[in-house]
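Here's the structure we're looking at; comments come further down.
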Amino acid sequence: MKTFDIIGRSKIWLALSGVILVACLGSLAVFGLNFGIDFTGGSVMQITASDTSADALRETVSSAGFEAVVQSTGETGYFLRFGPLTEEEHQRVLSSVRTLAPSVQEVKYDSVGPVIGDELKNKSFKAVAVMLALIVVYIAWAFRKVSEPVASWKYGLVTMVAAFHDVIIPLGVFAVLGQVLGYQVDTAFVAAILTVLGYSINDTIVVLDRTRENLTRNRHSDRDFGDIVNSSIVQTLGRSLNTTLTTLLPLTAIVILGGESIRPFALALMIGIASGAYSSIFVASPLIVYLERRR
C-alpha cells in the first residue's frame with residue numbers, strides 16, 4: 001500500500017490542480033470564450049467544391065466585403081461562418097464563391113438571431129448548474145448511511161468540486177485555442193462538457209463508493225480514515241485507468257485524423273475525460289480526507 005501512498009502526498013496533487021485551475025481561470029479572464037453563432041447569432045453555410053481551397057474561399061468572400069471563418073471538412077467540404085446575413089447578402093456570398101469555383105454546391109444554410117443565441121447560452125449554463133446541484137443531492141442521499149466520520153453531504157461537495165475542476169480545465173484550454181486557432185464554443189462544445197461531467201462524476205463515485213464499502217467493513221475498527229481512502233483508490237485504480245484509456249484512444253484518433261468540424265468536440269472530450277480521471281484520484285479523495293481531518 002505504501003508504494004501507492006496517494007493520500008500521503010495530497011498537498012502535491014492539490015497544489016498541482018490549484019496551479020492548473022489558476023492558469024485556466026486566468027486564460028478565461030484574459031481571452032474569454034470565442035462563442036460560435038449558436039450563442040452570438042450569425043449564419044453558417046455548408047458547401048462542397050472540388051476545385052478550390054479554404055484559403056481561396058476566405059479571400060474571395062473577403063473581396064466581396066464579408067468576413068468569414070472557413071473550415072474544411074474532408075476533401076471537398078467547407079463550412080463558412082459569418083455574422084448575421086440578410087437573404088440578399090447570403091445570395092451575394094453564394095454568387096462570389098461560385099464565381100471562384102463553378103462546382104460549388106450549397107448543402108445547408110442556417111441563420112441564428114442574437115436573441116435565440118442568448119437564450120441558448122443561458123439554457124446551456126442552466127443545464128450545467130442544474131446537473132451539478134442534482135449531483136450533490138443524489139450523492140448525499142446515496143451516502144446517507146455512511147455519515148461517519150464524514151457527513152454524507154460532504155461526499156456530494158467533493159464530487160461537485162471535482163466536476164468543477166474538470167469543466168474549468170477544458171474551458172481554459174479553449175479560451176487559448178479560441179485565440180490561437182479560432183476554436184469556437186458552440187452547442188457541440190456544451191454537449192462535450194455535459195459528457196465530461198458524466199465521466200467525471202462516474203469516476204469519482206467509483207472511488208467514493210468503494211470508500212463507503214470499506215468504511216462499512218471497518219466500522220468497528222480503529223483504522224485511519226486516510227488509510228481506508230487510500231486503499232479504496234488502489235482497489236479501483238485499474239478500473240479507472242482502463243476506462244479512461246479505452247475512451248481516450250479513439251478520441252485521440254479523431255483529433256489527429258478527423259475533420260475540422262469534429263476535432264474541437266473530440267479535443268474537449270479528451271481534455272475533460274483526462275482531467276476527470278486525475279480529479280477522481282488526486283482531487284476528490286484527498287479533499288474528503290482533508291474534510292475529515294478538519295472536523
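We did not get these values from a lab; they are worked out from the coordinates using the rules stated. Note that the structure is predicted; figures quoted are calculated from it, not measured. Cβ: placed from backbone, ideal geometry, glycine included. Neighbour counts: every protein chain shown.
How far, in degrees from 0 to 90, does helix 152-180 lean away from the longest principal axis of the Cα atoms of the chain, to the nearest 10? Long axis of 152-180 versus the principal axis of the chain: about 30 degrees.
Check the straight Cα-Cα distances from LYS126 and name the aspartates and glutamates below 19 Å, setting aside those fewer than 8 residues away within the same chain. LYS126 reaches ASP38, ASP118, ASP166, ASP186. From the Cα gyration tensor of segment 216-295, with a ≥ b ≥ c the square roots of its eigenvalues, which class applies: rounded if a/c is under 1.5, or else prolate if a/b is larger than b/c, or else oblate? Because a/c hits 1.5 or more and a/b exceeds b/c, segment 216-295 counts as prolate.
The label-point distance for ASP5 and ARG58, in a model that sets each label 7 Å from Cα toward Cβ, rounds to 5.4 nm. Each of PHE143, LEU177, VAL167 was scored by the projection of its Cα onto the charge dipole of segment 112-206, and the greatest displacement toward the positive side belongs to PHE143; charges sit on the C-beta of Lys, Arg, Asp and Glu.
Sorted by average packing, counted as other Cβ atoms within 10 angstrom per residue and highest first, what order do 281-289, 134-142, 83-91 take?
281-289, 134-142, 83-91
Angle of helix 114-142 to the longest C-alpha principal axis of the chain, folded into 0 to 90 degrees and rounded to 10: 20°.
Think of the chain as a dipole: +1 on every Lys or Arg Cβ, -1 on every Asp or Glu Cβ, centred on the Cα centre; then among ALA127, SER240, GLY36, SER240 lies furthest on the positive end.
Antiparallel as a % of all DSSP beta bridges within the chain, to the nearest 5? Write down the numbers at each step before the final one.
Numbers: 18 of 19 bridges.
Antiparallel bridges: around 95 percent, rounded to the nearest 5.
Placing pseudo-labels 7 Å out from each Cα toward the beta carbon at ASP51 and HIS220 gives an inter-label distance of 8.7 nm.
Counting Lys and Arg as +1 and Asp and Glu as -1, each charge on the Cβ, what is the dipole of the chain about the Cα centre in debye, to the nearest 20? The partial results should precede the final answer.
Details: 24 positive and 25 negative charges, 339 e Å.
I would put it at about 1640 debye.
How far is helix 225-257 tilted off the main Cα axis of the chain, in degrees rounded to 10, range 0 to 90? Tilt of helix 225-257: around 20 degrees.
Charges only on Cβ, +1 for Lys and Arg, -1 for Asp and Glu: so what's the dipole of segment 42-112 about the Cα centre, in debye to the nearest 20?
Approximately 40 debye in magnitude.
Using only side-chain charges placed at the Cβ, +1 for Lys and Arg and -1 for Asp and Glu, the dipole size of segment 168-295 relative to its Cα centre rounds to 340 debye.
One Cα centroid belongs to segment 156-193, the other to segment 13-52; the line between them spans 8 Å. Run the paramagnetic zone check for LYS108: 7 angstrom along Cα to Cβ, then residues of segment 245-283 with backbone nitrogen under 19 Å. Of the residues in segment 245-283, 258-267 have backbone N under 19 Å from the label point off LYS108. Estimated purely from DSSP H runs of n ≥ 4, each contributing -39500 (n - 2.57), the mean residue ellipticity at 222 nm for the chain is -23000 deg cm²/dmol once divided by its residues.
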